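Visitor: Here you go, one structure.
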Amino acid sequence: LGSQHKCIVGKDKVGFETITNDFGKDKLVYGERMLKAPFTKDISIYYILEKEGEGTRLNGEAHVFPTPLIGHLFKPMIKKKMLEGAQKSFAAIKEVLEAPEG
């Protein structure tokens with residue numbers, strides 16, 4: 001919690017800070033807050049793991065808070081890029097989970 005790291009997003013390295021909260025024993029939430037995101041006051045991304053029967057469900061949430069005026073103009077583009085990135089990330093996670101052990 002509170003640790004900072006850099007992620008490669010396209011050609012850029014973007015700073016993130018880890019965030020989370022206690023949601024009970026059957027729910028684990030890992031979050032990242034993007035540091036110094038252009039045209040935004042804050043971007044937070046959450047990965048939510050919840051016990052579901054004998055398995056686990058993985059969900060994701062992203063929250064974008066644009067700066068006044070200019071940020072609101074770029075919000076649709078930011079959301080589109082975030083959705084594309086999330087789809088790639090979840091596809092990669094699924095591939096790893098479904099790969100035969102070995």
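The values are calculated or read from the model by the stated rules, or taken from the named source; none is laboratory data. Source: prediction; values computed, not measured. Ideal geometry is used to build each Cβ from the backbone, glycine not excepted, and the neighbour counts take in all protein chains shown. Side chains are part of the model used for accessible areas, which takes the heavy atoms of the whole protein and leaves out ligands, DNA and RNA. Shrake-Rupley method; radii C 1.70, N 1.55, O 1.52, S 1.80 Å.
Visitor: Would you please name the chymotrypsin sites (Phe, Trp or Tyr not before Pro) within the chain that are DSSP coil residues with at most 13 other C-beta atoms within 10 Å of their C-beta?
Guide: Taking the chain and a limit of 13 other Cβ atoms within 10 Å, the loop chymotrypsin sites (Phe, Trp or Tyr not before Pro) found are Phe23.
Visitor: While we're here: Give me the lysines in straight-line cross-link reach of Lys80: C-alpha distance below 25 Å, same-chain residues under 8 apart excluded.
Guide: Lys6, Lys11, Lys13, Lys36, Lys41, Lys88, Lys94
Visitor: Considering the dipole of the chain built from charges on the beta carbon (Lys and Arg +1, Asp and Glu -1) around the Cα centre, which of Met34, Thr56, Leu73 is farthest to its positive end?
Guide: Leu73
Visitor: Also, I was wondering about something else. If you place +1 on the Cβ of every Lys and Arg and -1 on the Cβ of every Asp and Glu, how big does the dipole about the Cα centre of the stretch 1-100 come out, in debye to the nearest 20?
Guide: 520 debye
Visitor: Could you give the length gained by full extension between Phe23 and Lys79, i.e. 0.36 nm per residue of separation minus their alpha carbon distance, to one decimal place?
Guide: The Phe23-Lys79 span can extend by a further 17.6 nm.
Visitor: Among Ala91, Ala37, Ala62, which one shows the biggest mean-square fluctuation in a GNM of the chain, springs joining Cα atoms closer than 10 Å?
Guide: Ala91
Visitor: Here is a follow-up. Normalised by the empirical 2.2 N^0.38 Å for globular proteins, what value does the Cα Rg of the chain take?
Guide: For the chain, the normalised Cα radius of gyration comes out at 1.21.
Visitor: Test of understanding: given the chain, find the longest segment containing no trypsin sites (Lys or Arg not before Pro) that are in a DSSP loop and have at most 10 other Cβ atoms within 10 Å.
Guide: 37-102
Visitor: Could you work out how much longer the chain between Thr40 and Gln4 gets when fully extended? Use 0.36 nm per residue separation minus the Cα distance between them, nm to one decimal.
Guide: 11.1 nm
Visitor: A further question follows. Got a sec? Which residues in the stretch 74-102 would a label at Arg57 touch, if it sits 7 Å along Cα→Cβ and we count backbone N under 17 Å?
Guide: Answer for the stretch 74-102: none.
Visitor: Sticking with this one: If you fit an axis through the alpha-carbon atoms of helix 70-98 and take the longest principal axis of the Cα set of the chain, what angle between them do you get, 0 to 90°, nearest 10?
Guide: On a 0 to 90 degree scale, this one is about 20.
Visitor: Keeping every protein chain present and rolling a 1.4 Å probe, give me the accessible area per residue for the chain in Å².
Guide: 79 Å²
Visitor: By how many nm would the segment from Lys94 to His72 lengthen if fully extended, with 0.36 nm per residue of separation less the alpha-carbon distance?
Guide: Difference between extended and current length: 4.6 nm.
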